[in-house]
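The values are calculated or read from the model by the stated rules, or taken from the named source; none is laboratory data. All values reported here derive from a predicted model rather than from experimental measurement. Cβ coordinates were reconstructed from backbone atoms using ideal geometry, including for glycine residues, and neighbour counts include every protein chain displayed. Quick note on the areas: whole protein, heavy atoms, side chains included, nothing else; ligands and nucleic acids left out. Shrake-Rupley method; radii C 1.70, N 1.55, O 1.52, S 1.80 Å.
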Amino acid sequence: MKRKITKLLVSTLSVCTLLAGCTTKESKNSTSNNTSNNSETLAKYENVSSDVGFDTIYSYMEYTTNTDSAATHFKDSTILLRYYNQLFDIYNDYDGINNLKTVNDNAGIKPVKVDKPIIDMLHMAKAFYDYSNGEFDITMGALLKVWHKYREEGIKLNAEKQLGNLPPEEELTQAAGCKGWDNVVINDEESTVYITQPCQSFDVGGIAKGYATELVAEEVGQHMQAGYFNVGRNIRTVNDKPDGNTWNVGIADPEGALPNGLALISSKGSFSFVTSGDYERFYIATDGNSYHHIIDPSTNYPATHYRSVTIFTEDSGVADCLSTTLFTLSIEDGKKVLEAYKKATGKKANAVWVMDPAKKQGDGKETNGYYVVASEGLKDIITY
């Protein structure tokens, strides 16, 4: 799809105002409250950080009667996010930490002892590989590395009003052959991970941020009356809003022209809401087309079915896996993955697909220049 080259801002906060009126200012310690410490009056504590990692902006909101404790919760959440960012990083080394880059660097050499969150995340990734019949595959890091290289170069060239290059077919084909869970050995007792094929590597871009968000929500959320975590469009609410109203989360307009988005999902309680889209981390290549970061393993190229896929479910890590997976599949096949997940776990997940009308599929609704399809479980809580 051809697209104008525009300066993109990370849309972490694009739906935040629908949730609870949080600020869009990027700052490490921007706090807003309207109650004195230890007051019995319930108020909203809000804060934003741009240095937690995951290449994104993080916003936090908590309903509280004590802003000091809320500030501590926010600080704890930022510490945890930075820790998980370091663990799941495949590009950088950190003193005293064996992370996924360490595992990748030792492919074909030796097992690497890692912290338990890495082991647990890899097991979840393998489960979704099975649910999707191999469509969700974090072992194809070699292929994603090729695209990452050309995309980063292309973004820089676009900024200089030049077009980026496309990877040669032979390079993509060779890299695509370096994958497979058969080449991964996870030793739970020793807490080690070993990739036996030297050319193979992990890329956890489709799970890491959501998985980390869920871990933080589980740890910090138990100390909150209610609130939410928003880690770069990975939104995780905690409990019911004290006023009894629903949490309202918008489906973003891919071009950013509609401030309230294309549709609204309204629900009470704790849930996760994660979007994968083609409108971030893309470049315009010499053929005039844009190429984003979500690669379809069946073609070795960025998927072209949709502009975005949003998942609504309990667990943010699950939502991250599913939004990535369904982005590369037809709606019919995507629904099969949702059903496979439900059958295996007993838990439900629902999806919203946003596409250009020329590519419409499924039973949906045309709105504001897009075609939107929502799965059956959302019919009572989605409005357009």
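Remind me, relative contact order of the stretch 100-195 in percent, using alpha carbon pairs under 8 angstrom and six or more residues apart?
On the way: 91 pairs, mean separation 40.9, N = 96.
Result for the stretch 100-195 is 43 percent.
Of the accessible area of the chain, with the probe set at 1.4 angstrom, what percent is carbon plus sulfur?
Numbers: 7870 of 17000 Å².
Carbon and sulfur atoms account for 46 percent of the accessible area of the chain.
Can you give the FRET efficiency for LYS379 and ASP356, using 1/(1 + (r/R0)^6), R0 = 22 Å, r = Cβ-Cβ distance, to the nearest 0.05?
0.40
Only bridges whose two residues both fall in the chain count here: according to DSSP, what percent of them are antiparallel, nearest 5?
Values: 59 of 61 bridges.
DSSP beta bridges in the chain are roughly 95 percent antiparallel.
Ranked highest first by average number of other Cβ atoms within 10 Å, how do 314-322, 58-66 line up? Don't jump to the answer; show the numbers that get you there.
Values: 314-322: 26.9, 58-66: 23.6.
Result, highest mean first: 314-322, 58-66.
Let me check something: with ligands and nucleic acids excluded, how do THR313, THR41 order by accessible area (1.4 Å probe), largest to smallest? Don't jump to the answer; show the numbers that get you there.
Values: THR313 10, THR41 85 Å².
Correct descending sequence by accessible area is THR41, THR313.
Could you do me a favour and compute the accessible area per residue for the chain, 1.4 Å probe, result in Å²?
Numbers: 17000 Å² over 384 residues.
About 44 Å² of surface per residue is accessible.
Express the relative contact order of the stretch 48-168 as a whole percentage, based on alpha carbon pairs under 8 Å and six or more residues apart in sequence. Show your work: numbers first, answer last.
Details: 88 pairs, mean separation 13.8, N = 121.
Dividing the mean separation by the residue count of the stretch 48-168 yields 11 percent.
For the chain, calculate the relative contact order in percent as a whole number, restricting contacts to Cα pairs under 8 Å that are 6 or more residues apart. Could the numbers behind the result be given before it?
Details: 786 pairs, mean separation 61.1, N = 384.
Computed over the chain, the figure is 16 percent.
Which residue, GLY346, GLY221, GLY256, has the most motion in a Gaussian network model of the chain that connects Cα atoms within less than 10 Å?
Among GLY346, GLY221, GLY256, the largest GNM mean-square fluctuation belongs to GLY346.
Taking θ = phi - 60°, what integer Hz values does the Karplus form 6.51 cos²θ - 1.76 cosθ + 1.60 yield along the stretch 187-200, in sequence order, with x for Gly and Pro?
10, 5, 5, 8, 6, 10, 10, 9, 9, 7, 8, x, 7, 8
When you count, for each residue, the other Cβ atoms within 10 Å and take the mean per peptide, how do 259-272, 155-168 rank with the highest first?
Details: 259-272: 18.1, 155-168: 14.2.
Taking the mean over residues of other Cβ atoms within 10 Å, the ranking is 259-272, 155-168.
If Rh is defined by the Kirkwood formula over all Cα pairs and Rg also comes from Cα, what ratio Rg/Rh do you get for the stretch 245-384? Write down the numbers at each step before the final one.
Values: Rg = 14.7 Å, Rh = 15.4 Å.
So for the stretch 245-384, dividing Rg by the Kirkwood Rh gives 0.95.
How many times 2.2 N^0.38 Å is the alpha carbon radius of gyration of the stretch 100-195? Mind showing how you got there, number by number?
Working: Rg = 16.2 Å, N = 96, 2.2 N^0.38 = 12.5 Å.
Rg over 2.2 N^0.38 Å, computed on Cα atoms: 1.30.
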